[in-house]
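All remarks here apply to the structure that follows.
The values are calculated or read from the model by the stated rules, or taken from the named source; none is laboratory data. Just so it is clear, the structure is predicted and the values come from calculations on it, not from any experiment. Reconstructed Cβ throughout: ideal geometry from the backbone, glycine too, with neighbour counts over all protein chains shown. Side chains are part of the model used for accessible areas, which takes the heavy atoms of the whole protein and leaves out ligands, DNA and RNA. Shrake-Rupley method; radii C 1.70, N 1.55, O 1.52, S 1.80 Å.
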Amino acid sequence: MRSFPDDLARTQREWSATYRRLAEHPGRTELRRRLYRLSTELFFHPHWERRRPRPAEWWELRELTRSAAPKAATDRLDR
(Lines give C-alpha, C1' and ligand atoms only; values in the text may rest on other atoms or scores of the structure.)
Protein backbone atom coordinates (compact mmCIF):
# COMPACT_ATOMS: atom_id res chain seq x y z
CA MET A 1 0.00 0.00 0.00
CA ARG A 2 1.20 3.50 -0.82
CA SER A 3 1.83 6.11 1.82
CA PHE A 4 -0.06 9.38 1.57
CA PRO A 5 0.68 12.73 3.22
CA ASP A 6 -1.13 13.24 6.52
CA ASP A 7 -2.99 16.32 5.31
CA LEU A 8 -4.24 14.47 2.22
CA ALA A 9 -5.51 11.57 4.36
CA ARG A 10 -7.14 14.03 6.78
CA THR A 11 -8.89 15.82 3.91
CA GLN A 12 -10.14 12.49 2.59
CA ARG A 13 -11.54 11.61 6.04
CA GLU A 14 -13.27 15.01 6.20
CA TRP A 15 -14.65 14.47 2.68
CA SER A 16 -16.08 11.07 3.64
CA ALA A 17 -17.66 12.42 6.83
CA THR A 18 -19.18 15.37 4.96
CA TYR A 19 -20.49 13.04 2.25
CA ARG A 20 -22.18 10.85 4.87
CA ARG A 21 -23.71 13.90 6.58
CA LEU A 22 -25.00 15.19 3.23
CA ALA A 23 -26.55 11.78 2.50
CA GLU A 24 -28.35 11.96 5.85
CA HIS A 25 -29.45 15.60 5.29
CA PRO A 26 -29.85 16.12 1.53
CA GLY A 27 -30.12 19.64 0.23
CA ARG A 28 -27.98 21.27 2.92
CA THR A 29 -26.18 24.05 1.09
CA GLU A 30 -23.34 24.37 3.62
CA LEU A 31 -22.57 20.65 3.32
CA ARG A 32 -22.61 20.76 -0.49
CA ARG A 33 -20.25 23.73 -0.44
CA ARG A 34 -17.94 22.00 2.02
CA LEU A 35 -17.92 18.82 -0.09
CA TYR A 36 -17.08 20.85 -3.18
CA ARG A 37 -14.22 22.64 -1.39
CA LEU A 38 -12.82 19.37 -0.01
CA SER A 39 -13.09 17.72 -3.44
CA THR A 40 -11.03 20.56 -4.90
CA GLU A 41 -8.44 20.23 -2.12
CA LEU A 42 -8.16 16.49 -2.76
CA PHE A 43 -7.89 16.73 -6.52
CA PHE A 44 -5.38 19.59 -6.59
CA HIS A 45 -3.27 18.48 -3.62
CA PRO A 46 0.49 18.93 -4.18
CA HIS A 47 0.94 15.15 -3.78
CA TRP A 48 -0.59 14.75 -7.26
CA GLU A 49 1.52 17.47 -8.94
CA ARG A 50 3.73 15.18 -11.00
CA ARG A 51 0.87 13.15 -12.40
CA ARG A 52 -2.83 12.72 -11.86
CA PRO A 53 -3.79 9.76 -9.67
CA ARG A 54 -5.05 6.54 -11.18
CA PRO A 55 -8.33 5.06 -9.93
CA ALA A 56 -6.41 2.50 -7.87
CA GLU A 57 -4.64 5.30 -5.99
CA TRP A 58 -7.95 7.00 -5.18
CA TRP A 59 -9.27 3.65 -3.96
CA GLU A 60 -6.25 3.11 -1.71
CA LEU A 61 -6.63 6.59 -0.23
CA ARG A 62 -10.30 5.96 0.51
CA GLU A 63 -9.57 2.53 2.00
CA LEU A 64 -6.81 3.99 4.16
CA THR A 65 -9.17 6.55 5.62
CA ARG A 66 -11.94 3.99 6.06
CA SER A 67 -9.66 1.71 8.03
CA ALA A 68 -8.76 4.66 10.27
CA ALA A 69 -12.43 5.64 10.73
CA PRO A 70 -14.31 4.76 13.90
CA LYS A 71 -16.13 1.43 13.74
CA ALA A 72 -19.61 2.99 13.86
CA ALA A 73 -18.86 5.21 10.86
CA THR A 74 -17.56 2.24 8.88
CA ASP A 75 -20.70 0.24 9.67
CA ARG A 76 -22.89 2.98 8.26
CA LEU A 77 -20.92 2.99 4.99
CA ASP A 78 -21.56 -0.71 4.42
CA ARG A 79 -25.34 -0.45 4.68
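If you scan segment 1-15, which residues turn out to be more than 11 Å from L64 (Cβ to Cβ) and surrounded by 15 or more Cβ atoms within 10 Å (Cβ to Cβ)? T11, E14, W15, listed by residue number.
The residues of segment 16-70 that are modelled with pLDDT of 95 or more, under 12 Å from the mean Cα position of the chain (by Cα) and open to solvent by 100 Å² or more (accessible area, probe 1.4 Å), listed by number, are Y36, R37.
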